[in-house]
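Colleague: Structure provided below as structure tokens; questions to follow.
The values are calculated or read from the model by the stated rules, or taken from the named source; none is laboratory data. Predicted model only: the values in this text are computed from it and were never measured. Every residue, glycine among them, receives a Cβ derived from its backbone with ideal geometry; neighbour counts consider all protein chains shown. Quick note on the areas: whole protein, heavy atoms, side chains included, nothing else; ligands and nucleic acids left out. Shrake-Rupley method; radii C 1.70, N 1.55, O 1.52, S 1.80 Å.
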Amino acid sequence: MSQSRSHTTTVHEDVPVSLRLSRPAIDAQRLNDTLQLSCQWGATPDGGMDRLALNDDDARVRRWYIGECEKVGCQVTVDAMGNIFAVRPGKQQGPPIAMGSHLDTQPTGGRYDGILGCLAALEVLRACHEAGYETIHPLVAIVWTNEEGARFIPSMLGSAVWAGMKPVEFGHSRTDDAGVSVREELERHNFLGVTASSHEQIPLKAHFELHIEQGPILDTAAHPVAVVTGVQAFRWFEIKVKGRGSHAGTTPMHLRHNPLTAFCRMALSAEELAVRFGGLATIGRVGSLATQSTNCILDDVVFHLDIRHHDDDQLNRLEAAVRESFAKIVEETLGVRLASWEPLTASQAVQFDPLAVDCVRHACKAYPKEEIISGAGHDSVNTSKRCPTAMIFIRCKDGVSHHPSEYSTPEDIAVGGRVLLDAVCRYDSTV
Ligand SMILES: [Zn+2]
């Protein structure tokens with residue numbers, strides 16, 4: 001419990017959330033109904049979602065969301081990136097405790113990725129409002145702009161600008177395939193806020209994000225919820241293996257300079273090394289710059305390698321081992337060499353805030369749970385640079401997301417909402 005509070009005390013303050021008589025409670029039916037209602041904007045006939053950042057449907061759901069937050073007494077600020085901050089006052093002034101996620105989707109997205117986090121935040125605000133519950137610190141529900149990066153590259157753009165990792169000019173100047181910029185769309189929809197998009201202008205006490213897992217760990221374990229302790233580091237490379245193209249019928253096997261032979265060994269080796277180091281290695285794109293033909297040995301093979309680990313040092317070791325292995329493979333393959341090895345992108349490992357994570361852990365106590373390091377990026381990666389951050393995952397069917405079949409049960413959604421409420425209230429009464 002806090003040593004530093006100097007405000008007027010009430011009987012509730014040092015009582016665990018679970019013992020408070022007037023504690024707010026998640027209305028599971030309302031949460032699920034409102035989530036589905038919010039999917040009327042951008043719904044696709046196959047049950048999925050197509051609500052690209054800042055398109056007309058995204059603007060509609062954002063306006064609706066603001067209205068719902070205002071109904072429960074929130075003050076709404078939209079910043080210069082169109083990030084929405086709906087603040088519910090606490091007993092004290094000061095930076096609010098945030099519950100943030102995103103409302104934009106992939107073009108063939110589902111109804112839960114991001115949407116769940118925003119709608120659960122709204123349900124927490126509604127529950128607090130109904131119970132007349134006063135938090136010590138203000139609460140804020142945040143809708144981050146363009147998390148998916150499906151329309152404007154890169155992903156997690158709104159939170160990146162807020163965190164000071166990208167300048168606002170960069171954010172505004174991103175364009176979609178039709179050449180329309182983020183700034184133009186913000187202006188067109190009246191979402192170009194006058195408040196600077198900045199963690200200094202809009203500081204947060206902490207950031208909690210409820211999200212679907214987007215992977216199979218919870219579904220496999222048959223557990224509804226997970227404490228997310230951090231996010232993996234990853235690096236992407238484009239690698240070119242050069243050999244010599246020649247005739248398939250006239251070149252004896254032992255005289256071939258075949259880059260594909262080397263590549264096949266590399267693919268196996270990368271996977272073996274990933275397992276050995278406790279990380280991940282994926283070759284998701286493979287091609288050849290040369291023209292391909294059935295009766296030709298390839299001239300070269302170009303591929304993208306994605307390696308990940310929850311520990312930066314271990315990722316360094318994995319990368320070094322992969323480099324050593326690939327060098328050895330080309331050495332052992334006649335006439336083949338590594339022509340290039342270009343880094344494409346990299347992200348360091350994130351360890352979420354121990355106290356915020358602990359609040360989530362306590363909030364999950366009643367449920368069978370997992371502890372997970374997120375394999376995917378989220379807005380919480382950016383907020384973690386500027387304020388204590390933690391995440392909650394709930395189970396999604398077969399671990400599928402970014403697809404119309406993405407699904408979480410109403411029961412698991414209710415668990416997620418309860419854990420979010422409890423974690424935020426715990427944090428509120430602890431800091
Ligand atoms: Zn998401």
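Colleague: Can you compute the radius of gyration and Dmax for the chain, using only the Cα atoms, both in Å?
Modeller: Every Cα atom of the chain included, Rg and Dmax give 24.4, 90 Å.
Colleague: At 7 Å along the Cα-to-beta-carbon direction for both residue 129 and residue 341, put a label point, then send me their distance in nm to one decimal.
Modeller: Modelled inter-label distance: 5.7 nm.
Colleague: Between residue 33 and residue 275, how high is the FRET efficiency from 1/(1 + (r/R0)^6) when r is the Cβ-Cβ distance and R₀ = 41 Å? Nearest 0.05.
Modeller: Details: r = 44 Å, r/R0 = 1.08.
After rounding to 0.05, the efficiency reads 0.40.
Colleague: If you don't mind, another one. What does the extension gain come out to for residue 165 and residue 251, with contour length at 0.36 nm per residue minus their alpha carbon separation?
Modeller: Values: separation 86, 0.36 × 86 = 30.96 nm, distance 5.35 nm.
Stretched fully, the residue 165-residue 251 segment lengthens by 25.6 nm.
Colleague: Separation between the residue 324 and residue 376 pseudo-spin-labels, each 7 Å from Cα along Cα→Cβ, expressed in nm?
Modeller: 3.5 nm
Colleague: Hey, if we sort 112, 367 by accessible area with the 1.4 Å probe, largest down, what's the order? Show your work: numbers first, answer last.
Modeller: Details: 112 10, 367 55 Å².
If we order 112, 367 from most to least accessible, we get 367, 112.
Colleague: Also, quick follow-up: Go through the chain and flag any cysteine with no other cysteine's C-beta closer than 4.7 Å, please.
Modeller: When partners are defined as cysteine Cβ atoms under 4.7 Å apart, the chain leaves 39, 118, 128, 264, 296, 359, 364, 387, 396, 425 without one.
Colleague: Let me ask something additional. Sorted by accessible area (1.4 Å probe), largest first, how do 199, 137 line up? Provide the component values of the computation, followed by the final result.
Modeller: Working: 199 40, 137 10 Å².
I get 199, 137, largest accessible area first.
Colleague: A further question on this structure: Bin by bin, in steps of 5 Å, what percent of the Cα pairs in the stretch 233-347 do you find, going until the bin that has the longest distance?
Modeller: All Cα pairs, binned at 5 Å, distribute as 2, 12, 22, 22, 17, 11, 7, 4, 2, 0 percent.
Colleague: Hey, another quick one. Starting at 0 and stepping by 5 Å, how many percent of the alpha carbon pairs of the stretch 354-393 end up in each bin?
Modeller: 6, 21, 31, 24, 13, 5, 1
Colleague: Now for a separate question. Could you rank 135, 220 by how accessible they are, 1.4 Å probe, largest area first? Don't skip to the end; give the middle numbers.
Modeller: Values: 135 0, 220 115 Å².
The ranking, largest first, comes out as 220, 135.
Colleague: Considering the chain as a Gaussian network with a 10 Å cut-off on Cα pairs, which listed residue, 341, 162, 144, attains the greatest mean-square fluctuation?
Modeller: 341
Colleague: Let me check I've understood the local charge: for residue 48, count other residues with C-beta under 9 angstrom from its C-beta, Lys and Arg +1, Asp and Glu -1. What total comes out? Before the final figure, lay out each step's value.
Modeller: Details: positive: 111; negative: 46, 50, 406.
Cβ neighbours under 9 Å give a net charge of -2.
Colleague: As an exercise, find the ratio Rg/Rh for the stretch 69-174 from alpha-carbon atoms, using the Kirkwood inverse-distance average for Rh.
Modeller: Values: Rg = 14.7 Å, Rh = 14.5 Å.
The Rg/Rh ratio comes out at 1.01.
Colleague: Sticking with this structure for a sec: Counting only other residues whose beta carbon sits under 10 Å from that of residue 309, what net charge do I get with K and R as +1, D and E as -1? Write down the numbers at each step before the final one.
Modeller: On the way: positive: 235, 308, 317; negative: 311, 312, 313, 319.
Taking every Cβ under 10 Å from that of residue 309, the sum is -1.
Colleague: Running a GNM on the chain with Cα contacts under 10 Å, which residue among 302, 61, 78 ends up with the highest mean-square fluctuation?
Modeller: 302
Colleague: Ignoring everything except DSSP H segments at least 4 long, calculate the 222 nm mean residue ellipticity for the chain; use -39,500 (n - 2.57) per segment, divide by total residues, nearest 500.
Modeller: On the way: 12 runs with 144 residues, N = 431.
It lands at -10500 deg cm²/dmol.
Colleague: Here is a follow-up. Find the accessible area per residue for the chain; the probe is 1.4 Å, ligands and nucleic acids are left out, and the unit is Å².
Modeller: Ligands and nucleic acids excluded, the figure is 43 Å² per residue.
Colleague: Quantify, in whole percent, the carbon and sulfur part of the accessible surface of the chain (1.4 Å probe; protein heavy atoms only). Before the final figure, lay out the partial values.
Modeller: Details: 9570 of 18630 Å².
The computed percentage sits at 51.
Colleague: Show me the three semi-axes of the equivalent ellipsoid for the stretch 162-219, from the C-alpha gyration tensor (sqrt of 5 times each eigenvalue), largest first, rounded to whole Å. Please report the intermediate quantities before stating the final value.
Modeller: Working: eigenvalues 148, 79, 24 Å².
Over the Cα atoms of the stretch 162-219, the semi-axes work out to 27, 20, 11 Å.
Colleague: With the chain treated as a Gaussian network of Cα nodes joined by springs under 10 Å, which of 103, 280, 116 yields the largest mean-square fluctuation?
Modeller: Residue with maximal mean-square fluctuation among 103, 280, 116: 280.
Colleague: Also, I was wondering about something else. If you average 1/r over all unlike Cα pairs in the stretch 334-431 and invert the result, what Kirkwood radius do you get in angstrom? Mind dumping the intermediate values first?
Modeller: On the way: mean 1/r = 0.0620 Å⁻¹.
About 16.1 Å, per the Kirkwood formula over Cα pairs.
Colleague: Same structure, new question: How much FRET efficiency would the formula 1/(1 + (r/R0)^6) give for residue 367 and residue 200, where r is the Cβ-Cβ distance and R0 is 51 Å, rounded to 0.05? Don't skip to the answer; put the middle values down first.
Modeller: Working: r = 37 Å, r/R0 = 0.73.
According to the calculation, E is roughly 0.85.
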